[in-house]
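Participant: Below you'll find the structure I mean.
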Amino acid sequence: MRYINFLVFAMCLCSCTKTIIDKKTNIIGHAAMGLNSSSSIYADNSMEAIQLALSFTKCKGIELDVQMDNLGQLWLYHDENLSTKTNADGCINTIDPDVLSTVFYKTIHHEKLVKLDHHVLELLKDKTVFFDLRHFNSCTNSIIESSKIKNAILALEVDSLENYIFITSNYELLETLSEQFKVFYSTDNYEQGLQIMFDYPECDGLVIRNVSITADEVHAIQALNKEVAIFEVRSPKGTKIAFNKAPDYLITDELRTALSIAH
Amino acid sequence: MIRFIFFFFLFLNSLTSFSQDVVHTAILPNSMFIASASLQRMDIFSGFTYQKNFKRIDVGTSFNLGLRSTFGTQQVYSQFGSYLTFPLIQQGAKKRDFSFGPMLGVHASFLNIGNKLRHYDILLGYSMYCGKTKGNLKFFHQAGLGPFAEYFRTSTNTIVQSYSWNYHLTIGLAYAIY
């Protein structure tokens, strides 16, 4: 009887099936090593987090949040106001770059705020990079002109833009950028996203939360020759569910968890 | 913060002051087998610990598995650890024994996610257990904070190192041997 129990127990263990990972799904680190993740070690969008994320062999790239300062230079920062995560106060769009270059995160490592320039882009070459463009200034309640953002990107003088994908939820910015760049539309609503794919054929894909899209809906977007990036993926269970939808990109907040499942 | 410190010492005082109780010298176990769960920065670990008492010091060795990684992602995340506890308070009252003291521990964890990750931490905190006098089952608790290091080798054979802080918050059930 004891052996039968052991056999049943062993069979139960063996019956646990491994998640089948679609090999075409690229793993992308959200804000480099994850947003608000206890295991991320470094502050989101920091140079240290970028370097660490890119060191992982199977990490295909990263997603970074981009904001423009008052002189048209680009900086990597997620939140609307600097006071939430750094030693400074105010919105990036209203601050001088000289001031921003002295800003650092309120973390143990005191990582510096990163300016998006050719040094950073050199580090990012050969990797897929999503740039989430922030077009709204919450301090002045105004929308930043699309042409200014486009000029700021052009001023980076990038040799090749093939690996760079720009994310926006603003129609005007989508139209302005899609002439020259690869642009994904970001939404929480699948129907709206699908409509955008029809209304703006030049849009290359959709960025959507894991809970807002099903596997069939992912396939429906892909059938239109568009790509799908799923984000807000954190737990092992959520990551497996997202993998099973077979998106083109998985933007994860727990990079080690996603790489672990893919391995 | 000051409020927290005040309540912490108030809690300690309540454990050590038994003015109306029958106070006796605690009868401490010679060794303990502990099944525990530990909340840490990288995962929730669960496993077994063996703790041996040497007069003024308790020495423990542990083996744990990271539950999220091992069972959630099917990659074994193992952790080996060792610690020293210096029991400062060892008291008994109302047929119950209690032990409390500072703890110094080291841990090494291993996870393969394509890159073979190695995590090391040094922990400074406290350790305590309590239960019936001469009883076999004890409640066990440890908490600590300390530096944390992650190492792994990239595809280009360079070693990546990153340093931060880690915390351990452990609760468990101990089987005491006298």
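The values are calculated or read from the model by the stated rules, or taken from the named source; none is laboratory data. The model shown is predicted, which means the values in this text are computed figures rather than measured ones. A quick note on method: Cβ atoms are made from the backbone with ideal geometry, for glycine too, and the neighbour counts reach across all protein chains shown. All accessible areas refer to the heavy atoms of the entire protein, side chains included, with ligands and DNA or RNA removed. Shrake-Rupley method; radii C 1.70, N 1.55, O 1.52, S 1.80 Å.
Participant: Just the number, please: carbon plus sulfur as a percent of the accessible area of chain B, 1.4 Å probe, no ligands or DNA/RNA counted.
Facilitator: On the way: 6510 of 9630 Å².
Summing carbon and sulfur atoms, their accessible area is 68 percent of the total for chain B.
Participant: Quick one: which of B:167-173, B:23-29 comes out on top by average Cβ neighbours within 10 Å, and what's the full order, highest first?
Facilitator: On the way: B:167-173: 18.6, B:23-29: 15.6.
Going by the mean number of other Cβ atoms within 10 Å, highest first, we get B:167-173, B:23-29.
Participant: Taking the Cα-to-Cβ direction at A:GLU191 and at A:LYS115 and moving 7 Å from each Cα, how far apart do the two end points lie in nm?
Facilitator: My value for the distance between the label points is 4.7 nm.
Participant: If you don't mind, another one. When the chain is fully extended, how far beyond the present Cα-Cα distance does A:TYR171 get from A:ASP89, taking 0.36 nm per residue of separation? If you can, show how the numbers build up before the last one.
Facilitator: On the way: separation 82, 0.36 × 82 = 29.52 nm, distance 2.93 nm.
Contour length minus Cα-Cα distance gives 26.6 nm.
Participant: Counting only protein heavy atoms, what percent of the accessible surface of region A:21-262 is carbon or sulfur at a 1.4 Å probe?
Facilitator: Numbers: 4750 of 9980 Å².
Taking all protein chains in place, region A:21-262 shows 48 percent carbon and sulfur surface.
Participant: Among the DSSP beta bridges whose two residues both lie in the protein assembly as shown, what percent are antiparallel, rounded to the nearest 5?
Facilitator: Values: 108 of 142 bridges.
Rounded to the nearest five, the antiparallel share is 75 percent.
Participant: Give the A-B buried accessible area in Å², both sides summed, 1.4 Å probe, nearest 100.
Facilitator: On the way: alone 13240 and 10660 Å², together 21850 Å².
Approximately 2000 Å², summed over both chains.
Participant: Report Rg (one decimal) and Dmax (nearest whole number) for region A:189-263, counting Cα atoms only, units Å.
Facilitator: Looking at region A:189-263, its Cα Rg and Dmax stand at 12.4, 38 Å.
Participant: Determine the alpha carbon to alpha carbon distance for each of A:LYS58/A:LYS106; A:LYS106/A:LYS240; A:LYS85/A:LYS125; A:LYS24/A:LYS237 and list only those over 24 Å.
Facilitator: Working: A:LYS58/A:LYS106 30 Å; A:LYS106/A:LYS240 33 Å; A:LYS85/A:LYS125 28 Å; A:LYS24/A:LYS237 20 Å.
Table pairs above 24 Å Cα-Cα are A:LYS58/A:LYS106; A:LYS106/A:LYS240; A:LYS85/A:LYS125.
Participant: Place +1 on the Cβ of every Lys and Arg and -1 on the Cβ of every Asp and Glu in region B:30-177, take the dipole about the Cα centre, and give the residue among B:ILE57, B:ALA108, B:ASN136 whose Cα lies farthest towards its positive end.
Facilitator: Selected residue: B:ASN136.
Participant: State the extension gain, in nm to one decimal, for the chain segment bounded by A:LYS106 and A:GLN180, taking 0.36 nm per residue of separation less the distance between their alpha-carbons. Could the numbers behind the result be given before it?
Facilitator: Values: separation 74, 0.36 × 74 = 26.64 nm, distance 3.70 nm.
Computed gain between A:LYS106 and A:GLN180 is 22.9 nm.
Participant: Measure off 7 Å from each Cα along the Cα-to-Cβ vector at B:LYS94 and A:SER38, then give the distance between these two points in nanometres to one decimal.
Facilitator: In this crude label model, B:LYS94 to A:SER38 measures out at 3.2 nm.
Participant: Take B:SER82, B:SER127 and sort them by solvent-accessible surface of the protein heavy atoms, 1.4 Å probe, largest at the top. Intermediate values should be presented prior to the final figure.
Facilitator: On the way: B:SER82 45, B:SER127 5 Å².
The ranking, largest first, comes out as B:SER82, B:SER127.
Participant: Using unit Cβ charges (K, R positive; D, E negative) and no other charged atoms, how large, in debye to the nearest 20, is the dipole of chain B about its Cα centre? Let's see the in-between values first.
Facilitator: Working: 15 positive and 6 negative charges, 60 e Å.
The calculation lands at about 280 debye.
Participant: Can you list the residues of region A:88-111 whose accessible area drops by at least 10 Å² going from the chain on its own to the full set of protein chains, with a 1.4 Å probe?
Facilitator: Checking the loss per residue gives A:ILE108, A:HIS109.
Participant: Return one whole number: the accessible area per residue of region B:30-177 in Å², for a 1.4 Å probe.
Facilitator: Working: 7020 Å² over 148 residues.
Solvent-accessible surface per residue comes out at 47 Å².
Participant: Also: Give me the distance in nm between label points sitting 7 Å out from Cα along the Cα-to-Cβ direction at B:SER78 and A:CYS139, one decimal.
Facilitator: Label-label distance for B:SER78 and A:CYS139, simple model: 5.3 nm.
Participant: Follow-up question, since we're still on this one. List, by residue number, every residue in region A:40-57 with a reduction of 20 Å² or greater in accessible area between the chain on its own and the complete protein assembly, 1.4 Å probe.
Facilitator: Those residues are A:ILE41, A:TYR42, A:LEU52, A:SER55, A:PHE56, A:THR57.
Participant: Considering every Cα-Cα pair within chain A, what fraction, in whole percent, is farther apart than 36 Å? Could the numbers behind the result be given before it?
Facilitator: Numbers: 5582 of 34453 pairs.
Of all Cα-Cα pairs in chain A, 16 percent lie more than 36 Å apart.
Participant: Given +1 on the Cβ of Lys and Arg, -1 on the Cβ of Asp and Glu, and no further charges, what dipole in debye does region A:111-263 carry about its Cα centre, rounded to the nearest 20? Kindly include the intermediate steps, with their values, before the conclusion.
Facilitator: Details: 15 positive and 24 negative charges, 123 e Å.
Dipole of region A:111-263, to the nearest 20 debye: 600 debye.
Participant: Indicate the residues belonging to region B:52-87 that lose 30 Å² or more of solvent-accessible heavy-atom surface (probe 1.4 Å) upon moving from the chain alone to the assembly of all protein chains, ignoring ligands and nucleic acids.
Facilitator: Residues passing the criterion (a loss of at least 30 Å², heavy atoms only) are B:ARG68, B:GLY72, B:THR73, B:GLN74, B:GLN75.
Participant: Please report, in debye to the nearest 20, how large the charge dipole of the protein assembly as shown is about its Cα centre when each Lys and Arg carries +1 at its beta carbon and each Asp and Glu carries -1 there.
Facilitator: Details: 38 positive and 41 negative charges, 705 e Å.
Computed charge dipole of the protein assembly as shown: roughly 3380 debye.
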